[in-house]
Structure formats: C-alpha cells, structure tokens
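FYI, it's all coordinate maths here, none of it is from the lab. Not measured: the values here are computed from a predicted model. FYI the Cβ positions are ideal-geometry reconstructions off the backbone, even for glycines, and counts take in every protein chain you see.
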Amino acid sequence: MATMTAGAIAALVGGRLHGDASVSVSGVATPESATSADVVFIDTPSRAARLETTAAAVALVPADTSVTRRMTLIEVTRPGLAMAMAVDALVPPARTCLGVSDRASVAPSAVVAEEVGIGPFAAIGDGARIGRGTEIHAGATVGARTQIGADCVIHSGAHVYHDVVIGDRVVLHSGSVIGADGFGYVPEQTGSADEPVRHRKIRQVGRVVIEDDVEVGANTAIDRATLSETRIGRGTKIDNLVTVGHNVSIGRHAILIGQAGVAGSATLEDYVTVAGQAGIADHLTIGRGATIGAQAGVTKDVPPGRVVLGSPALELRRAKLALSLIERLPDMKRLLTDHGRRLLALERRDDAQSDHTDEVS
C-alpha cells in the first residue's frame with residue numbers, strides 16, 4: 001500500500017478539502033471497519049451518520065455533508081468515482097503471476113511476448129499469441145490460434161477456445177468460457193419410427209472478438225459465432241453468470257449485470273445497460289443508451305435511450321403502472337365477481353318482470 005496526505009488525495013480527485021491537509025492515510029475501508037489510517041466515503045449526505053462513529057481520518061463526501069466529529073472531509077461531485085481513484089492510488093494493483101511455470105504447457109508454435117506470466121497447469125495452444133505483460137493464471141487454457149493482447153489478466157480456470165481474438169487490458173475471471181459453440185441445431189427427419197426427428201448440430205465455425213478494456217465476470221459464457229463473429233465492444237463490463245449467445249454484437253461501454261442472457265444474433269448498441277436476470281430474445285436491437293430493467297423479458301426492439309421493465313418488457317412508465325396493479329388484483333377480482341352477481345340478479349329480475357308483463361298482456 002502507498003501513503004498519501006489528505007491534500008494529495010484532494011488534488012488527485014479534484015475535491016475541496018475541509019480540515020487538516022497534512023493528515024496521512026495508507027488504506028481504504030468502509031466507515032464501520034476503518035482505522036485512523038484509512039480513507040472512507042459516503043455517496044449521499046443522508047448517510048453522514050456513518051461518519052460520526054468511524055475511526056477514519058479522511059472521508060470523501062458529496063456537497064452539503066455535515067459531520068460533527070473532528071475529521072478531514074474532501075468534498076467531491078462524485079464520491080464513488082473519487083473513491084475508485086483513491087483505491088487505485090493507495091492500493092495499486094500488483095502482479096501475482098510472473099514468468100512461465102515449468103508446469104505450464106506452452107505449444108512450441110505459440111508466440112509469447114516479454115513479461116508474460118503463465119501459471120502452473122495453464123495450457124497455451126498451437127499458434128496462439130500472447131501479448132506483453134499478460135498474466136495467464138494457473139489452470140487457465142488458451143486455444144489454438146487465439147490472440148490475446150497486452151496487459152490482460154486471464155484468471156485461474158478461465159477457458160479461451162481456439163481462434164478467439166482478445167484486445168489489450170482485458171480481464172477474464174475464473175470460470176469464464178470464451179468461444180464455446182453457440183447453441184445451433186436444426187431438426188432432421190430420420191425415417192425411423194422410434195426416433196423420427198433428431199437435432200442436427202450446425203457446426204459453429206465463426207469466432208469471438210473481445211475489444212480493449214473489457215472485463216468478463218466469473219462463470220460467464222460468450223459463445224462462438226456460427227459463421228462470422230460474436231463481438232464485445234471496447235470498455236464493456238460483463239458481470240458473473242451472464243450468457244452471450246452466438247453472433248451477438250455488443251457495443252462500447254455496455255453494462256451486463258449478473259444472470260442476464262442475450263440470445264443469438266441480438267445487437268446491443270453503445271452504452272446499453274442490461275440489469276440482473278433480464279433476458280433479450282434473438283435478433284433484436286437494443287438502441288444506444290437504452291436500459292433493460294431487472295428480470296425484464298425483451299421480445300421486441302428497444303429504441304435508443306428507452307428504459308423498459310417487466311415481462312414482456314414495457315416502457316418504464318407503463319410497466320410501473322402495470323406492476324402497481326398486481327397487488328390490487330385479488331381485490332379487483334372480488335369486485336368483478338360481486339358486480340357479476342349483482343348484474344346477474346338484475347337481469348333475472350328484469351326477465352321476471354318481462355314475463356309478468358307478457359302474462360298480464
């Protein structure tokens with residue numbers, strides 16, 4: 001860890017300092033777990049009470065935050081961003097995979113640049129190319145002819161299939177699988193009475209392209225294209241347990257959150273956000289800057305900038321209105337049932353009066 005003064009941190013994050021600029025910190029923590037050597041943050045003034053009992057010496061806070069205890073405050077526009085900058089400065093990343101282990105398997109035809117780390121039991125296939133400074137941790141695999149750029153981190157147990165192209169500064173977390181076959185089958189008549197139809201596999205002979213600065217979470221799968229490519233745009237961040245189907249195109253700086261699923265041949269344009277457990281049907285287009293709410297089921301194209309929610313997904317205002325009715329459905333059902341009984345009673349009374357009038361006539 002590094003040590004910095006509050007004044008240096010304020011200068012780094014572009015904040016306004018209130019208190020002792022000379023106080024030094026060497027760590028980051030939550031307000032509850034902090035020591036006097038830590039910097040902490042809160043994201044809204046309403047959480048200022050957390051700072052009244054913290055042991056931290058320095059806090060990154062939004063404007064109009066009031067704290068009665070004696071401590072140094074650094075007022076910033078975006079505390080979360082400022083804290084991320086402070087973490088990078090105080091706890092700089094350290095390489096943990098250096099050199100090529102004698103227990104790794106590296107094909108003779110693979111091209112490995114300088115300063116690459118390859119851990120025990122990692123495997124690098126024929127014709128693969130690994131860029132300068134990249135780390136491939138224990139048990140990870142890189143398939144034949146795959147290209148990985150500079151300063152990437154392939155964590156333990158991540159698996160990159162053959163003919164994948166990965167840019168610079170990409171992070172693949174443990175259990176992620178890049179380039180497995182897309183789910184492609186067609187029904188085929190067999191002429192057999194016992195099994196008249198079988199599922200014939202469409203061989204997936206395309207590739208996956210992951211651009212620079214992408215991060216892929218643990219146990220996420222990005223499938224190989226059928227014939228062309230599955231592409232993940234620059235700066236996109238994908239959480240754990242996400243499925244990206246074959247032929248999908250995801251633009252730059254998109255966010256896909258845990259357990260989301262994107263079906264084959266869908267297109268997500270730049271800056272799209274897909275919240276947790278949302279599903280996007282195949283061949284759809286999600287416009288630039290659109291947001292897909294948690295657990296939404298998207299069955300048609302979403303225009304740029306639109307926010308949708310629900311299953312089937314609706315525009316946010318309509319979705320909230322529809323969802324607000326769910327709790328009232330039992331009462332509405334009872335009311336309709338009551339109205340139905342009353343209407344039936346009125347109709348029977350009218351019928352009885354009509355019959356009586358006919359008899360009198």
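Just checking the listed ones, 244, 23, 177: in the Gaussian network model of the chain with Cα springs under 10 Å, the one fluctuating most is 23.
Which residue fluctuates the most in the chain, going by a Gaussian network model with Cα springs under 10 Å, if the choices are 211, 347, 269? In this elastic network of the chain, the residue with the biggest mean-square fluctuation among 211, 347, 269 is 347.
Please compute the contact order of the chain in relative form: average sequence separation of alpha-carbon pairs under 8 Å and at least six residues apart, divided by the residue count, as a percent. Mind dumping the intermediate values first?
Details: 1008 pairs, mean separation 22.5, N = 361.
Normalised by residue count, the contact order of the chain is 6 percent.
Overall form of region 105-319: oblate. Here a/c, set by the Cα gyration tensor axes a ≥ b ≥ c, is 1.5 or more, and a/b is not larger than b/c.
Expected output is a single nm value to one decimal: the length gained when fully extending between residue 318 and residue 70, i.e. 0.36 nm times separation in residues minus the C-alpha distance. What is it? Mind dumping the intermediate values first?
Numbers: separation 248, 0.36 × 248 = 89.28 nm, distance 4.85 nm.
Net length gain for the segment: 84.4 nm.
Charged side chains reduced to their Cβ positions (Lys and Arg at +1, Asp and Glu at -1) give region 218-361 a dipole of some 840 debye around its Cα centre.
For n ≥ 4 DSSP H runs only, could you compute -39500 (n - 2.57) per run for the chain, divide by its residues and tell me the 222 nm figure to the nearest 500? All intermediate terms of the calculation are to be shown ahead of the outcome.
Values: 5 runs with 65 residues, N = 361.
Helix contribution divided over all residues of the chain: -5500 deg cm²/dmol.
How much net charge surrounds residue 285 when only the other residues with a Cβ under 14 Å from the Cβ of residue 285 are counted, with Lys and Arg +1 and Asp and Glu -1?
Values: positive: 288, 300, 306; negative: 269, 270, 282, 301.
Charge balance near residue 285 sits at -1.
Note on region 26-49 and region 324-355: Cα centroid distance 60 Å, given to the nearest whole angstrom. Computed on region 105-319, with alpha-carbon pairs under 8 angstrom and 6+ residues apart, the relative contact order is 10 percent. Within the listed set 334, 288, 103, the Gaussian network model of the chain (springs between alpha-carbon atoms below 10 Å) gives the highest mean-square fluctuation for 334.
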